[in-house]
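The values are calculated or read from the model by the stated rules, or taken from the named source; none is laboratory data. Small disclaimer: the values here were computed from a predicted structure and weren't measured. As a convention, Cβ positions derive from the backbone with ideal geometry for all residues, glycine included, and neighbour counts pool all protein chains shown. SASA here: full protein model, heavy atoms, side chains in, ligands and nucleic acids out. Shrake-Rupley method; radii C 1.70, N 1.55, O 1.52, S 1.80 Å.
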Amino acid sequence: MAERTLDPTLLDLLACPQDRGPLSLVRDSGGNSVLYNPRLRRAYPIDNGIPVLLTDEARDVDAAEHEAFTAQG
């Protein structure tokens, strides 16, 4: 199944549920898209093209993954 991408307008509207700041769309080491908050170093999953912006579903990101995510822009 081809992965869906988020509409750029939707991405502009989405915010982190913890600090209400903007999120970046990046790919993790497994090639999956996630929404990333670099301020809190938290990654939110995208399930079948739907962002899962629940704090319980987010995962912490280590320093190496943070560097990889920020390098993606």
Exercise for the section: Residue by residue through segment 38-58, note down the ones that are farther than 14 Å from Leu6 by Cα, part of a strand (DSSP E or B) and open to solvent by less than 30 Å² (accessible area, probe 1.4 Å). Expected result: Ala43
Completion exercise
Counting only residues that are open to solvent by less than 90 Å² (accessible area, probe 1.4 Å), outside any helix (DSSP H, G or I) and either out of contact with any strand residue (DSSP E or B) (no Cβ under 8 Å at 6 or more places or on another chain) or more than 20 Å from Asp56 (Cα to Cα) (or both), segment 5-28 contains a total of 3
Exercise for the section: Test each condition in (1) in contact with a helix residue (DSSP H, G or I) (Cβ under 9 Å, 6 or more places away or on another chain); (2) assigned to a loop (DSSP other than H, G, I, E, B) for Val34 and report the one that comes out false. Expected result: (2)
Exercise for the section: Only residues that are in a helix (DSSP H, G or I) and either touching a residue at least 12 places away in the same chain (Cβ under 8 Å) or touching a Ser or Thr at 6+ places or on another chain (Cβ under 7 Å) (or both): list them for segment 59-73, please. Expected result: Glu65, His66, Ala68, Phe69, Thr70
